[in-house]
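Chemist: Please read through the structure below; I'll follow up with questions.
Please treat every number below as a calculation from the coordinates, not as lab data. These numbers come from a predicted model, not from an experiment. Virtual Cβ from ideal backbone geometry, glycine too; neighbours counted across all protein chains shown.
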Amino acid sequence: MTDVPIKPASTVIVLRDFATEPRILMGQRGAKAVFMPNKFVFPGGRVDDADHHIELAKPINATCAARLTEDATMPPHAALAAGAIRELWEETGQIAGVKSPWQDAPADWSGFAARGFRPDASGLHFFFRAITPPGRPRRFDARFFLLDANSLATDPDDFSDATDELSHLAWVPLAQARELNLPFITSVVLGELAGLKTIAPPPTVPFFKNTDEENLFRRLGAGA
């Protein structure tokens, strides 16, 4: 079997009405998608080369930055945060950013910049990490970030700027999300969300490490 390269990816779990009746932003992948067809997922995808060169208007917090570098060499934590913000924009039309001119934005970010924003990672909280197991057509080292919908700079009900990569974009009640057609790892993440007390860096970050050499579970930020 040909080795499938593991590519870095970022995913955003946007939570709305967290203190009352929490809902999460999800969409459905297309039936012809190579990776996880027909599955309901959080917005996210591969970190692009351009994401490595993005100057964030506000960085991710220091706790999450340190955990993103644990058991990892690439990409830098700023690129992972930038990729999360870009994927959220592309797939949902939602912006995590601050108003600021951006004349020299890369092509991948042109629509974001045209709205008059620069990316703001200060509201992102590193929450979960998983590497796709061997034997899949595509493999990712995915980092999942929490984001409070109150941090969005856009109307959370307006998906008019979204691409067609995800359909049926909706704010799904957290209590009902596990009834959808989900990838296994998304179900695991939802289990972690069930015990969430606040939208902030968690005490430790679950990491499902599935490589050709080892398959293990550990928690980032737990110390030695």
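Chemist: On a straight-distance basis, which lysines could pair with K197 in a cross-link, Cα separation under 28 angstrom, same-chain partners fewer than 8 positions away excluded?
Modeler: The qualifying lysines are K39, K58, K209.
Chemist: For the range 105-199, compute Rg over Rh where Rg is the Cα radius of gyration and Rh is the Kirkwood radius from the inverse mean 1/r over Cα pairs.
Modeler: Over the Cα atoms of the range 105-199, Rg/Rh equals 0.97.
Chemist: How big is the gap, in Å, between the Cα center of the range 163-224 and the Cα center of the range 85-107?
Modeler: Comparing the Cα centres of the range 163-224 and the range 85-107, I get a distance of 24 Å.
Chemist: Please work out the FRET efficiency for the pair K7 and K58, using the Cβ-Cβ distance as r and a Förster radius of 22 Å; give the result to the nearest 0.05.
Modeler: For R0 = 22 Å, the calculated efficiency reads 0.25.
Chemist: Obtain the radius of gyration and the Kirkwood radius of the range 6-220 from its C-alpha atoms and give Rg over Rh.
Modeler: Reported Rg/Rh, Kirkwood definition of Rh: 0.93.
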